[in-house]
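Encoded as structure tokens, the structure appears first; notes follow it.
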Amino acid sequence: MEWTTHAMSGVVLGYTVTNDWKFALFSGATALIPDLDEPKSKFGKLFFFISIPLNRFFGHRTFTHSLLFTVLIGIVFLFFSPMYSLSSVLGVLAHIFGDMLTGRVQFLYPMKKKIGLKTSGLNYLITDRLARLALLLIIVLFVSQDVFLNS
């Protein structure tokens, strides 16, 4: 999936679980972390000094798209607070499950087995755009619900 769809999926999952916009936005930001393994990604370009060696050592959709990586990210953010830890795990999982809709990942890394749907370029694009539209509608629903319930 593309970075905007990943970020939106992190926001939706984060808000669904925490019911707090601060943690939802944090989930959206951490949903971009797994693509550090792809130097051509929006996040990979920004952090190329991490992205290039990470990609050369692991490849794309391997370690950073795994349950192991998700747990490690959760542990790192646990040093800040349990809610940041939870939010980061939600963001990373949202990313991984999104990529499983548009391709395959090594979720059980270091095992080589790949999990997800094989898709063509066109199906990738259609799935990404439909997911993005659905996520946008859900976010609008959440925001409007908050506005009407809190006014």
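The values are calculated or read from the model by the stated rules, or taken from the named source; none is laboratory data. From a predicted model like this one, the values you see are computed outputs, not experimental measurements. Reconstructed Cβ throughout: ideal geometry from the backbone, glycine too, with neighbour counts over all protein chains shown. Quick note on the areas: whole protein, heavy atoms, side chains included, nothing else; ligands and nucleic acids left out. Shrake-Rupley method; radii C 1.70, N 1.55, O 1.52, S 1.80 Å.
Of the conditions (1) surrounded by 13 or more Cβ atoms within 10 Å (Cβ to Cβ); (2) more than 21 Å from Met8 (Cα to Cα), Ile138 clears all except one; give me its number.
If we test Ile138 against (1) surrounded by 13 or more Cβ atoms within 10 Å (Cβ to Cβ); (2) more than 21 Å from Met8 (Cα to Cα), just (2) comes out false.
Mind checking which residues of region 21-38 are in contact with a helix residue (DSSP H, G or I) (Cβ under 8 Å, 6 or more places away or on another chain) and either within 26 Å of Gln145 (Cβ to Cβ) or not in a helix (DSSP H, G or I) (or both)?
Those that are in contact with a helix residue (DSSP H, G or I) (Cβ under 8 Å, 6 or more places away or on another chain) and either within 26 Å of Gln145 (Cβ to Cβ) or not in a helix (DSSP H, G or I) (or both): Trp21, Phe23, Ala24, Leu25, Phe26, Ser27, Gly28, Ala29, Thr30, Ala31, Leu32, Glu38.
Mind checking which residues of region 4-27 are open to solvent by 70 Å² or more (accessible area, probe 1.4 Å) and among the hydrophobic types (A, V, I, L, M, F, W, C)?
Val17, Trp21, Leu25
May I ask you to list the residues in region 1-15 that are more than 9 Å from Phe26 (Cα to Cα) and either of a type outside the set (Val, Ile, Thr) or within 9 Å of the chain's Cα centre (by Cα) (or both)?
Scanning region 1-15 gives Met1, Glu2, Trp3, Thr5, His6, Ala7, Met8, Ser9, Leu13, Tyr15.
How about region 58-151: which helices (runs of 4 or more DSSP H) wholly inside it have at least 2 residues that are of a type in the set (D, E, K, R) and under 24 Å from Thr18 (Cα atoms)?
Output list reads 121-149.
Could you figure out which of (1) touching a residue at least 24 places away in the same chain (Cβ under 8 Å); (2) surrounded by fewer than 22 Cβ atoms within 10 Å (Cβ to Cβ); (3) of a type in the set (Val, Ile, Thr) isn't true of Thr30?
The failed condition is (2).
Every residue in region 60-105 that is open to solvent by less than 20 Å² (accessible area, probe 1.4 Å) and either over 15 Å from the mean Cα position of the chain (by Cα) or free of Cβ contacts under 8 Å to residues at least 12 places away in the same chain (or both), please.
Listed by number, the list holds a single entry, Ser85.
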